[in-house]
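The values are calculated or read from the model by the stated rules, or taken from the named source; none is laboratory data. Because the structure is a prediction, the values reported are computed rather than measured. In this analysis, Cβ positions are derived from the backbone assuming ideal geometry, glycine residues included, and neighbour counts consider all displayed protein chains.
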Amino acid sequence: MSKRHTGRKLAMQVLYQADVQQQPVSAILDEFVQPSAYVPETKDWATELATGTASHQADIDVLISHYAVGWVLDRINPIDRNILRLAFYELIYMKTHPNIVINEALEIAKKYATEDSSKFINGILGNYVKEHPCSPA
């Protein structure tokens, strides 16, 4: 596994833990990421993704609510919700290519979420990308 893929998984885990424990991301990073055995590049990437996502979470949540038609944000599975948060952060603020973002989100969903999660996540991200084809570089 690449350091970036592993960093994305780690960032999603941090976001998930912060969400369900109702703790700041910084607290989860201190207890979960820093003492881990991951290489420094992976920890740095995970930290950048998690803190960036958390700093834009309110705006990202508005987008998720818009594209998750018929779903209230709090009713979305917390793993799915945080995979989506991470993906939207990368798409919008890091300008990562949509194919990479969607593929990574689906791989993480297949590993950590429910059987139907990848279809749900793919639909939301796919609809966003269709409406914003020029947003990523």
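Details
- Candidates Ala37, Ala50 - the one that is among the small types (Gly, Ala, Ser) and assigned to a helix (DSSP H, G or I): Ala50
- Taken as a whole, the structure places Lys111 among residues that are of a type in the set (Lys, Arg), closer than 21 Å to Leu10 by Cβ and either surrounded by fewer than 20 Cβ atoms within 10 Å (Cβ to Cβ) or out of contact with any strand residue (DSSP E or B) (no Cβ under 8 Å at 6 or more places or on another chain) (or both).
- Restricting the range 94-120 to residues that are assigned to a helix (DSSP H, G or I) and within 19 Å of Gly52 (Cβ to Cβ), the residue that is nearest to the chain's Cα centre (by Cα): Ala105
- Selection from the range 3-39 of residues that are among the small types (Gly, Ala, Ser), more than 18 Å from His56 (Cα to Cα) and touching a helix residue (DSSP H, G or I) at 6+ places or on another chain (Cβ under 9 Å): Gly7, Ser36
- Just one of the listed residues (Ser65, Ser117) is out of contact with any strand residue (DSSP E or B) (no Cβ under 9 Å at 6 or more places or on another chain), hydroxyl-bearing (Ser, Thr, Tyr) and farther than 16 Å from Leu15 by Cβ, and it is Ser65.
- Top-ranked residue of the range 53-99 - restricted to ones that are surrounded by 13 or more Cβ atoms within 10 Å (Cβ to Cβ) and polar (S, T, N, Q), ranked as modelled with the lowest pLDDT: Thr96
- One residue from Ile64, Ile28, Ile60 being part of a helix (DSSP H, G or I), in contact (Cβ under 8 Å) with a residue 24 or more places away in the chain and farther than 19 Å from Ala113 by Cα: Ile60
- Members of the range 85-137 found to be touching a helix residue (DSSP H, G or I) at 6+ places or on another chain (Cβ under 7 Å), of a type in the set (S, T, N, Q) and either free of Cβ contacts under 8 Å to residues at least 40 places away in the same chain or at positive phi (or both), listed by number: Ser118, Asn122
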